[in-house]
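A.B. asks: Can you read through this structure? Questions will come right after.
Every read-out reported here was derived from the displayed coordinates using simple, explicitly stated rules and does not represent laboratory data. Please read these numbers as outputs of a predicted model, since none were measured by experiment. Cβ: placed from backbone, ideal geometry, glycine included. Neighbour counts: every protein chain shown.
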Amino acid sequence: MSDEQHQNLAIIGHVDHGKSTLVGRLLYETGSVPEHVIEQHKEEAEEKGKGGFEFAYVMDNLAEERERGVTIDIAHQEFSTDTYDFTIVDCPGHRDFVKNMITGASQADNAVLVVAADDGVQPQTQEHVFLARTLGIGELIVGVNKMDLVDYSEGDYKQVVEEVKELLNQVRFDTEDASFIPISAFEGDNIAEASDNTGWYDGDILLEALNNLPAPEPPTDAPLRLPIQDVYTISGIGTVPVGRVETGILNTGDNVSFQPSDVSGEVKTVEMHHEEVPKAEPGDNVGFNVRGVGKDDIRRGDVCGPADDPPSVAETFQAQIVVMQHPSVITEGYTPVFHAHTAQVACTVESIDKKIDPSSGEVAEENPDFIQNGDAAVVTIRPQKPLSIEPSGEIPELGSFAIRDMGQTIAAGKVLSVNE
Ligand code: GDP
């Protein structure tokens, strides 16, 4: 990997429309066949010589992994273009896609939507576009795939483009933020080179469109939010909370506050990789020391922020959730454990305010009696113990959570508003 800027990219779309094939094609065209694929098939690879991997060979190996049930599947593969290092984050179909996407474990910056030219918009196309919008995907590149199966027909391409635009309008996704490309992942048309088969198309090819995506902005302008992972006592220094800076900057000399423990003090030292540093930025894992704050004053799950703009503590909060794996139904009064940043707190579903239609984003039902798998809903939640959490519209990194019960993730969601 180079030191180019990094992007998390989601590949979304209906089953069988060609997501895996497109990922294989991108890895192949950018010379990024993953190490473990090469390792597992070293002999065979050597036999094939140094001339590089044939596309089919890459695909065979990815397919083989899939058959063996390797969970990483096409997720977490990496490739580089001139502008960016891309990490492909979980693709729909992958078991934990929704959970990971929502909890930000692998928050995608932008997405490629794959729609087969011979099949058009299908239910999962709708569902994934709805999720992408709800979860705040920046831009969408729409690859109208399998153009080879429709004889590279401009008419068929345009029809699919219209269908997709209509869908984007339905979920109020700004079509300005979407670009459309006729491709064949299988044949390689308009992926790394402009194809002769689509002479009627003169827009960007896929790798160009990927290069032209907006750069993700590091959240340095947002207020400091540093969820505490652990609290240590280190001789000679004292109490050292550790965690990862999610947003903002932590400077020595800053006055900071820990919530919900509600203690504050001045930052004396900040350490990263065992070295003292003057400040830490988003993504940095740090240990730090705050004057007057002892080991028993703070705990895991606290969030550190500026003393004059402290993290909010929710009396109740309203959230949009998606139910994924609940054995029966969720009703008012249900009290599972919420996992938000480093906190784990039992929370009660105080009311189910509305059910949302996942394909349109419209309200499907006011105050439903229950919700179940596949439902999206707006709910009001009451934490049973103080919990620091923020509206995802203000600080996305602190505004998402997973709901767990019976040893599994049963739902995930984003915070809409907080009542302090
Ligand atoms: P996914 O379920 O979206 O990941 O779809 P796959 O990548 O597994 O593709 C489903 C099927 O469509 C496979 O048999 C692929 O070989 C085939 N396929 C994918 N892309 C193309 C394409 O551009 N042209 C043609 N003819 N077939 C394709």
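A.B. asks: Contour minus end-to-end for Glu154 and Asn251, with contour as 0.36 nm per residue of separation and end-to-end as the Cα-Cα distance?
C.D. replies: 29.3 nm
A.B. asks: What is the distance, in nm, between label points placed 7 Å from the Cα along the Cα-to-Cβ direction at Glu394 and at Thr233?
C.D. replies: My value for the distance between the label points is 3.5 nm.
A.B. asks: Oh, and also: Measure up Lys354/Lys414; Lys355/Lys414; Lys355/Lys385; Lys158/Lys414; Lys268/Lys295 against 25 Å on the Cα-Cα distance and list the ones that go over.
C.D. replies: Details: Lys354/Lys414 15 Å; Lys355/Lys414 15 Å; Lys355/Lys385 27 Å; Lys158/Lys414 35 Å; Lys268/Lys295 15 Å.
Distance filter (> 25 Å) returns Lys355/Lys385; Lys158/Lys414.
A.B. asks: Now for a separate question. Please compute the contact order of the range 112-239 in relative form: average sequence separation of alpha-carbon pairs under 8 Å and at least six residues apart, divided by the residue count, as a percent. Before the final figure, lay out each step's value.
C.D. replies: Numbers: 138 pairs, mean separation 29.1, N = 128.
Taking the mean separation of contacting Cα pairs over the length of the range 112-239, I get 23 percent.
A.B. asks: On full extension of the chain, what length is gained from Gln325 through Trp200, given 0.36 nm per residue of separation minus the C-alpha to C-alpha distance?
C.D. replies: Values: separation 125, 0.36 × 125 = 45.00 nm, distance 4.59 nm.
Additional length available on full extension: 40.4 nm.
A.B. asks: Can you give me the Cα centroid spacing of the range 276-315 and the range 231-259 in angstrom?
C.D. replies: The distance from the Cα centre of the range 276-315 to that of the range 231-259 comes to 5 Å.
A.B. asks: Figure the gain on full extension for Met406 and Gln124 (residue separation times 0.36 nm, minus the Cα-Cα span) and round it to one decimal in nm.
C.D. replies: Numbers: separation 282, 0.36 × 282 = 101.52 nm, distance 2.77 nm.
This chain segment gains 98.7 nm when fully extended.
A.B. asks: If R0 is 22 Å, what FRET efficiency do you get for Asn419 and Phe370 from their C-beta distance, rounded to 0.05? Each step should come with its number before you reach the end.
C.D. replies: Working: r = 24 Å, r/R0 = 1.08.
For R0 = 22 Å, the calculated efficiency reads 0.40.
A.B. asks: Within the range 303-406, report the GluC sites (Glu not before Pro) that DSSP leaves as loop and that have at most 13 other Cβ atoms within 10 Å. Show your work: numbers first, answer last.
C.D. replies: Details: sites: Glu315, Glu332, Glu350, Glu362, Glu365, Glu366, Glu394, Glu397; in loops: Glu315, Glu332, Glu362, Glu394.
Counting only loop positions with at most 13 other Cβ atoms within 10 Å, the GluC sites (Glu not before Pro) in the range 303-406 are Glu315, Glu362.
A.B. asks: For Asp85, what residues show an amide H to amide H distance below 5 Å, using hydrogens built from the backbone and excluding near sequence neighbours?
C.D. replies: Result for Asp85 returns Gln5, His6, Gln7.
A.B. asks: P(r) of the range 132-251 in 5 Å steps, Cα pairs, percent per bin?
C.D. replies: 2, 9, 14, 14, 13, 10, 7, 6, 7, 6, 5, 3, 2, 1, 0
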